[in-house]
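Novice: First the structure, then my questions, so here it is.
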């Protein structure tokens, strides 16, 4: 295997492992604010217990996210030195902003969030919860700025020539608000809210099945269900906006999404298989629907892959399948969320056991959609690492050979597997232990007395 493919696999492994955790921390951060806000409003100690439990889960997720994120950034220097030299001024400014404005904000207030329950006033603790959630969202902003610039570069010029050429910032705000930032950010944030909501619903459904922590499960699932219902519907609109933006700024990627080869009115495939040898797609389609979604006109022409040289096209099959699987999962998440809203409206949410079993396992779906959506976006950009400016093959470190990358790839795979198993083990322990106060009853007085006696 050549060094480019191995380096891409290694970076994909690192990013994929890391990306398990930020969506959960962003989504769960929002839910923590809502839960503790309920406690501040009602003074019901059970919301206090609920928030404390989810804070412990949040802290575990945060720790794994930090550990995996640091390794990812080091790889820019080890495997992708030519890329780092070329985009250092642009990419480095966004990463520096993420560290200064977001990570330190989030990690600084995290100590108060986790350890400050009995040491600061309730209002101060609530402010720390808001700041941690805000920091998690702000971190996503700067990371998406950096990644979106790679998709639709703006606000820069190139200085130097040949191997010494590099991109230099000319307008920082054009870098920040490049043509794809807002669409991709809104799509990513709504996906993170879905991920956090389905995590909470999964655990709550598990407790309902086991008939444990009844109030905790009942209220947690309702709070998360509201967030899930809003976020899954929002995902439709942000996904549409992102698709329109891709069609305008990265037409080869959009053509690969739908296996569209000839420029002209474009169909929308519900599912299919791409024959890359003969430039055809076999599957079920809605004629003219892609043109209508992008331009509001089913007859409007959409740029096809045949407009691009073969060396400038992404690998169509993997992009097509990843894109359609992501959309299918998104629709399934909407169905699950609004099915829960329906049962809640009918007063049956706590009693529909088969739905609870679906919720327990549905926690996997947002993660799968996140990973596959990332694959569609990043593989769809190929062969460019900076779209239209720098090819992926030109971004590699010149002194790293394939045997070195293969060794580190095997080592990273083993370490990440161990870390993931450790994460699952610790998460399982926290879930099985449950909230600090065991809720055999919804009697608030008993729980308040329990806390008083304990302290």
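Quick note: the coordinates plus some simple rules give every number you see, no bench work behind them. It should be emphasised that the depicted structure is a prediction, and the values quoted were computed from it without experimental measurement. Please note: Cβ atoms are built from the backbone with ideal geometry, for glycine as well, and neighbour counts cover all protein chains shown.
Novice: Using the basic label-point model (7 angstrom from Cα toward the beta carbon), what is the residue 417 to residue 89 distance in nanometres?
Specialist: 4.4 nm
Novice: I've got another one for you. For the pair residue 357 and residue 332, how long in nm is the line joining their label points, each one 7 Å along Cα→Cβ?
Specialist: Output for this residue pair reads 1.7 nm.
Novice: Starting from a Cα-only point model with no solvent, please compute log10 I(q)/I(0) by Debye for the chain at q = 0.09 1/Å.
Specialist: -0.65
Novice: Between region 205-244 and region 382-433, how far is it from one alpha carbon centroid to the other, in angstrom?
Specialist: Measuring centre to centre over Cα atoms gives 30 Å.
Novice: So how do 287-293, 377-383 stack up, highest first, on mean other-Cβ count within 10 Å?
Specialist: 377-383, 287-293
Novice: Take the alpha carbon atoms of region 127-176, find their center, do the same for region 46-124, and report the distance between the two centers in whole angstrom.
Specialist: Cα centroid of region 127-176 versus Cα centroid of region 46-124: 17 Å apart.
Novice: Expressed as an acute angle from 0 to 90° and rounded to the nearest 10, what is the orientation of the C-alpha long axis of helix 45-78 relative to the principal long axis of the chain?
Specialist: Result, in degrees: 30.
Novice: Starting with the highest mean, order 320-326, 23-29, 305-311, 232-238 by the number of other Cβ atoms within 10 Å, averaged over the residues of each peptide. The partial results should precede the final answer.
Specialist: Details: 320-326: 21.7, 23-29: 27.6, 305-311: 12.4, 232-238: 17.9.
Ranking, from highest mean packing down: 23-29, 320-326, 232-238, 305-311.
Novice: I want to check the label-to-label distance for residue 67 and residue 123. Put each point 7 Å from Cα in the C-beta direction and report it in nm to one decimal.
Specialist: 3.9 nm
Novice: What is the gain in length, in nm to one decimal, between residue 426 and residue 161 on full extension, counting 0.36 nm per residue of separation less the C-alpha to C-alpha distance?
Specialist: That works out to 90.2 nm of additional length.
Novice: Related question: Using the count of nearby Cβ atoms within 10 Å as a rough guide to exposure, how do 195, 14, 399 rank from fewest to most?
Specialist: Fewest-to-most Cβ neighbours within 10 Å comes out as 399, 14, 195.
Novice: Right, something else. Cα centroid distance between region 279-336 and region 2-40, in Å?
Specialist: 27 Å
Novice: When you count, for each residue, the other Cβ atoms within 10 Å and take the mean per peptide, how do 140-149, 39-48, 82-91, 402-411 rank with the highest first?
Specialist: Working: 140-149: 21.9, 39-48: 17.2, 82-91: 20.2, 402-411: 14.8.
Per-residue Cβ counts within 10 Å, averaged per peptide and sorted highest first, yield 140-149, 82-91, 39-48, 402-411.
Novice: Residue 40 to residue 210: extension gain in nm, 0.36 nm per residue of separation minus the Cα-Cα distance? Can you show the working numbers first?
Specialist: Details: separation 170, 0.36 × 170 = 61.20 nm, distance 2.91 nm.
Gain on stretching residue 40 to residue 210: 58.3 nm.
Novice: Over the chain, what is the relative contact order in whole percent, taking alpha-carbon pairs under 8 Å and six or more residues apart?
Specialist: Normalised by residue count, the contact order of the chain is 20 percent.
Novice: A further question on this structure: Could you tell me how many degrees, from 0 to 90 and to the nearest 10, lie between the Cα long axis of helix 104-115 and the main elongation axis, the longest principal axis, of the Cα atoms of the chain?
Specialist: 20 degrees
Novice: I've got another one for you. How large is the helix-only mean residue ellipticity at 222 nm for the chain, computed as the sum of -39500 (n - 2.57) over DSSP H runs with n ≥ 4, divided by its residue count, in deg cm²/dmol to the nearest 500?
Specialist: My calculation for the chain gives -23500 deg cm²/dmol from helical runs alone.
Novice: Rounded to the nearest 10 degrees, what's the angle between the helix 353-362 long axis and the longest principal axis of the chain, both from Cα atoms, 0 to 90?
Specialist: On a 0 to 90 degree scale, this one is about 50.
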